[in-house]
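Just so it is clear, none of the values below were taken in a lab; they were calculated from the coordinates. Bear in mind that the values here come from a model prediction, so they are computed numbers and not experimental data. Methodologically, a virtual Cβ is constructed for each residue, glycine included, from the backbone with ideal geometry; neighbour enumeration extends over all protein chains shown.
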Amino acid sequence: DGLHSLMVKAGKMYFGTAIDVNNFADAKYMAIADNKNEFGMMTAENSMKWSSSEPNQGKFAFASADKVVERAKKNGQGMRCHNLIWYNQLPSYVTSGSWTNETLTAAMQTHITNVVEHFKGACYAWDVVNEAFGDGDGSYRQSVFLKNIGEAFIPLAFQAAAAADPDTKLYFNDFNLEISPDKAAATLALVKDLQARKIRIDGVGFQGHLVVGGTPTRDALATSLRQFTALGVEVAYTEVDIRFESLPASSSGLEQQAQDYAALVGSCLDVKECVGVTVWQFSDKYNWVSSVFKGKGDACLWSADYAKKPAYDAVIKVL
Ligand code: XIL
C-alpha cells in the first residue's frame, strides 16, 4: 500500500500531488507519479493558470493541461484544478491592461467560463480564487482584480464558476491559514459573506507551505480546519511542502520534518470534512521552494534521487 491507497482505507478521498508536463520526460519520476497506490488526485502545477490557459486575450491554450488530465485519467487518478483567479502568473495584457471595473469583470468572467467549461467533468474541484489575502493582517492582497473591481471580484468569480459548472466543488485556496490567525479570520469572514449572499463555495484549501519545526501540532492544525468545517464547507490540504530554512538537512532535521508531515496528515484524518491531502511535487528535485526561497528547500517526501525520506515513512505510519 502507498499514500493514496492508505488514505482511502482511512476514509479519505485521496492523497495527491502536483506535477506538470515538464516532468513527463523523467521516467523514474513518472513511475511514482503514475502509481495510483501513491497518488489518486493530480494537480497541474502551472498549466491551468491564466498565463498558460489564456496567454492572449480570448485565445485559450489547453494543450499542456490536457496532457496532464489525460494522463491522470489513464491512470484512474482524479484532478484538482488550479486555479482560475490569482494575482500571480497572469499574462501582461491582464496585469498592465487599462481596465475599468466593467471590462476586467467581463474578461474575468470570460476566462472563468471558458476554462471551467473546457475541463468540465475532469475536475473534482476548482481553486476559484487563490491567495486573495495579504501576509500580515488579513487585508486583501493587492492585485489587478482588487484594484479595478474591488473586493467584489471574489463573489463574481465564484458566481461565474458556479454558473459554468454546477458539479465541480468550488474552493477558496490560500497559504498560512494554518499559522496566521488574521488570515484565517479574514478567510472565515469571506466564506460567511459568500454564504450569506447564497453564492456557492464548497471548500477551503489550506495550501500547507510550511517550515520544518514551524509546523503547528496535529491538534492545532485540526482546530484550524474545524473553524472552517463548522461553517459547512469541506477542507483539504492542497499544496503541501515542509521546507528547511537552511540546508543541508541534518538527520534530526529530517526526523522533525517527518513529525511535521505526520501532524499535518493526521490533522486531516481527525477532521471528518477534510477530504484529502495534495503535496506540491513529491521529490526535492522538482519542488518550487528552492527556486523562490534561495538556500531553502528539501521540502518533499522523496529526495532528489527518489529515495523515500523519513517523512514518507512517517506519513505511511500515521495512515
Ligand atoms: C508555483 C509553482 O510551483 C512554480 O513552478 C511556479 O513557478 C510558481 O508557482 N502557491 C500556489 C501555487 O498557489 O500555484 C504556486 O506554484 C506556489 C504557491
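Count the DSSP beta bridges whose two residues both fall in the range 188-319, then state the antiparallel fraction as a percent rounded to the nearest 5.
If I count the DSSP bridges inside the range 188-319, around 15 percent turn out antiparallel.
Share of antiparallel DSSP beta bridges in the chain, in percent to the nearest 5?
In the chain, approximately 10 percent of DSSP beta bridges are antiparallel ones.
Taking each pair of different alpha-carbon atoms in the chain once, compute 1/r for the pair, average those values, and report the inverse of that mean as the Kirkwood hydrodynamic radius in Å to one decimal.
Radius from the Kirkwood sum: 19.7 Å.
For a quick protection proxy, order the peptides 311-318, 44-51, 139-146, 191-198 by their average other-Cβ count within 10 Å, most packed first.
Answer by packing, highest mean first, reads 44-51, 311-318, 139-146, 191-198.
Testing the spin-label approximation: label points 7 Å from Cα along Cα→Cβ at Q57 and T113. State their distance in nm.
With each label point 7 Å from Cα toward Cβ, the separation is 1.6 nm.
Starting from the Cα of S96, step 7 Å along the direction of its Cβ; do the same at A307; then give the gap between the two resulting points in nm.
4.7 nm
Cα to Cα, under 19 Å, and not fewer than 8 places away if on the same chain: which aspartates and glutamates meet these conditions relative to K147?
Here the aspartates and glutamates satisfying the reach criterion relative to K147 are E102, E131, D135, D137.
What is the sum of charges around G40, taking Lys and Arg as +1, Asp and Glu as -1, for the other residues whose C-beta is under 15 Å from the C-beta of G40?
+4
I want to verify a result. In a Gaussian network model of the chain, Cα cutoff 10 Å, which of these has the top mean-square fluctuation: G136, G208, G232?
Its mean-square fluctuation being the largest, the pick is G136.
Please give me the summed charge of the neighbours of F145: other residues whose Cβ is under 13 Å from its Cβ, Lys and Arg +1, Asp and Glu -1.
0
So if we plug the beta-carbon distance of A220 and E255 into 1/(1 + (r/R0)^6) with R0 = 25 Å, what FRET efficiency do we get, rounded to 0.05?
After rounding, the FRET efficiency stands at 0.80.
What is the extension gain from K73 to M30, computed as 0.36 nm multiplied by their sequence separation minus the C-alpha to C-alpha distance, in nm to one decimal?
Roughly 14.0 nm would be gained on extension.
What Cys residues in the chain have no fellow cysteine's beta-carbon under 4.7 angstrom?
By the Cβ distance rule, which asks for a partner under 4.7 Å, the isolated cysteines are C300.
Considering amide H positions built from the backbone, and no H for Pro or chain starts, which residues 5 or more places from G78, or on another chain, come under 5 Å of its amide H?
Residues meeting the amide H criterion: M41, M42.
Let me check I've understood the local charge: for Q109, count other residues with C-beta under 14 angstrom from its C-beta, Lys and Arg +1, Asp and Glu -1. What total comes out?
Spelling it out: positives minus negatives among the neighbours equals -4.
Looking at the chain as a GNM with Cα springs under 10 Å, which of A107, A132, A222 has the largest mean-square fluctuation?
It is A107.
Would you please put 233-243, 30-40 in order of how densely packed they are, using the mean number of other Cβ atoms within 10 angstrom per residue and starting with the highest?
By packing density, highest mean first, the sequence is 233-243, 30-40.
Which links in K28/K309; K74/K169; K67/K309 stretch past 20 Å when you go from one Cα to the other?
Over 20 Å Cα-Cα: K74/K169; K67/K309.
Would you work out which of V211, L269, T229 lies farthest towards the positive end of the dipole of the range 169-310, given +1 charges on the beta-carbon of Lys and Arg and -1 on that of Asp and Glu, about the Cα centre?
T229
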